[in-house]
Amino acid sequence: MHLRFSPAPSSARIAPAHAVVRVLLAASALLFVLVTSAAAQEPPYFVTYSSALEEPGNLEVSFKGTTGTPKNGNTFTGGALEFEYGVKAWWTTEFYLDGQSTRNDSTLLTGFRWENRFRPLMREHWINPVIYVEYENLNQASRSILEVTGHQSQSDYAIPNQFARVEIEREMELKLILSSNFKGWNLSENFITEKEINESEPWEFGYAIGVSRPLSLLASKRNCTFCRENFSAGAEAYGGLGDTNGFGWKQTSQYLGPTVQFNIPKGPTLFFSPQFGLNANSVPVLYRFSVSYEVQQIGNWFKRKR
Amino acid sequence: MMTTKVERKDNAKQLRAAVLACALVGCMALADGSWLKKVPADYHSRTNPYAGQADAIAGGGKLFADHCAKCHGADALGTEKKPSLRSERVQKEATEGDIFWLLKNGNLAKGMPTWSSIPEPSRWEIVAYVRSLGPADATTGANSVEEKKR
């Protein structure tokens, strides 16, 4: 059962968390200025993963934001600061710091995630599988919505932070990522399963599907910022599939929306997507945005110059 | 049976030496060209539709700078760990189709990622650019970082 709360304003601001969020944002801004970056080869998805892994030795720092207004709730902005590192050509590891800010309520850190993605097959095929394993330590105030599983509903996002932050969820999440590249198109499908390990909860399920294509398949000869080759567009759909006690589309949220990506040459990559709730359990519209910078061969920074 | 402190130290030394030897062999294998034997015949015989085209070479140069230069060097002569792309093997022995296949599949076990998410025409542009550079000895007299050091 999901409790509904009225959006009563809270005066309890969590100052230390606010300061940490500011420091994290300042650190990412500093990276933006200092690093030599390159466009990552990831498709423009927010929830769906493709088979593209981080190149070995590269570090991608990105900030993913999600804002929306649930029915009977306050407008929230969830954020995840990601550090993605290519350990091997077939193994990428990623650490997230998760936080959120809710209007008329508070700003707080909501926990962390650590994920690993492995490519079991060493060559490219029509369908390329990737195994995804993640450990999450998040409280219920998290609003990043990096996946939808089980019976997640917009009423979960209407719970005031002072109540939601008390409930800590430690979960293992497994995904089977399938991805195909054909004539410039990328088609990716994710099957998600999640299990809370600190409470006796059923296995929860979800899915995500994305399709995208760059606006141009050829790189132009001149250096240009707004060339078509620097843009990708596509669409993404995702939602819950219930749990072991009740599998299916009912009593869970579903989203669908267009998505666009802009690779600024020698700069960051920007992503944007309005995603529309497809049923009464979904937030009517989620606006998603992301900025990412890829720092190439970060290990070289720490090597002694000869 | 109890092992003495000295025996344990010796064992640790031997283990370290074995690990070091494996790492050296691994590094040497990076540039051994064994990937060439894995290329299927239909890829081996493919030709680059953009070969020699100035626009494609320029476009490929941009992509190379963005995705490849950090590992293989801005001049494609290789870096400490990553091989030169201006070696006789890449410039003469391998066909354009071979290089295209390597870009698509990578050599994951040896650190070369797959670039299959770069659209096929753009991958051919990269091949056109790499081939336009020619063997290194024609310009610098050196084939790789190692040879330059000698």
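Brief remarks on what is shown
- Among the candidates A:Phe46, A:Phe5, the residue that is in a loop (DSSP other than H, G, I, E, B), modelled with pLDDT of 55 or more and among the aromatic types (Phe, Trp, Tyr) is uniquely A:Phe46.
- Number of positions in the stretch B:98-135 that are within 22 Å of B:Ala54 (Cβ to Cβ) and either of a type outside the set (D, E, K, R) or not in a helix (DSSP H, G or I) (or both): 17
- Note on the stretch A:274-298: residues that are of a type in the set (A, V, I, L, M) and within 14 Å of chain B (Cβ to nearest Cβ) amount to 2.
- The stretch B:58-71, subset touching a residue at least 24 places away in the same chain (Cβ under 8 Å) and out of contact with any Lys or Arg (no Cβ under 8 Å at 6 or more places or on another chain), residue nearest to the other protein chains (Cβ to nearest Cβ): B:Leu63
- Residue count for the stretch B:90-115, restricted to those that are more than 12 Å from chain A (Cβ to nearest Cβ) and either of a type in the set (Ser, Thr, Tyr) or in contact with a strand residue (DSSP E or B) (Cβ under 9 Å, 6 or more places away or on another chain) (or both): 1
- The stretch A:258-278, residues that are under 30 Å from A:Lys71 (Cα atoms), in contact with a Lys or Arg (Cβ under 9 Å, 6 or more places away or on another chain) and of a type outside the set (A, V, I, L, M, F, W, C): A:Thr259, A:Ser273, A:Pro274, A:Gln275
- Of all residues making up the stretch B:73-89, the number that are within 11 Å of chain A (Cβ to nearest Cβ) and either aliphatic (A, V, I, L, M) or in a helix (DSSP H, G or I) (or both): 0
- Against the conditions (1) more than 30 Å from B:Lys104 (Cα to Cα); (2) crowded, with 21+ Cβ neighbours inside 10 Å; (3) of a type in the set (Gly, Ala, Ser), A:Ser155 satisfies every one except (2).
- Meets criteria (over 30 Å from A:Pro44 (Cα atoms), modelled with pLDDT under 95, facing chain A (nearest Cβ under 9 Å) and not in a helix (DSSP H, G or I)) for B:Thr140: no
- When restricted to residues that are in a strand (DSSP E or B) and within 14 Å of another protein chain (Cβ to nearest Cβ), the stretch A:77-91 contains 6.
- Of all the residues in the stretch A:110-125, those that are over 12 Å from A:Thr92 (Cα atoms) and in contact with an Asp or Glu (Cβ under 6 Å, 6 or more places away or on another chain) number 3.
- One residue from A:Phe271, A:Phe262 being more than 12 Å from chain B (Cβ to nearest Cβ), touching a residue at least 24 places away in the same chain (Cβ under 8 Å) and closer than 27 Å to A:Asn74 by Cα: A:Phe271
- Restricting B:Leu85, B:Leu77 to residues that are farther than 15 Å from A:Ala89 by Cβ, crowded, with 17+ Cβ neighbours inside 10 Å and without any contact (Cβ under 8 Å) to a residue 60 or more places away in the chain narrows the list to B:Leu85.
- Some residue of the stretch B:56-68 being closer than 24 Å to A:Asn263 by Cα, surrounded by 20 or more Cβ atoms within 10 Å (Cβ to Cβ) and under 11 Å from the mean Cα position of the chain (by Cα): yes
- The residues of the stretch A:112-139 that are touching a strand residue (DSSP E or B) at 6+ places or on another chain (Cβ under 7 Å), closer than 23 Å to B:Trp35 by Cβ and not β-branched (Val, Ile, Thr), listed by number, are A:Phe118, A:Arg119, A:Pro120, A:Leu121, A:Trp126, A:Asn128, A:Pro129.
The values are calculated or read from the model by the stated rules, or taken from the named source; none is laboratory data. Just so it is clear, the model here is predicted, and its values are computed rather than measured. Cβ: placed from backbone, ideal geometry, glycine included. Neighbour counts: every protein chain shown.
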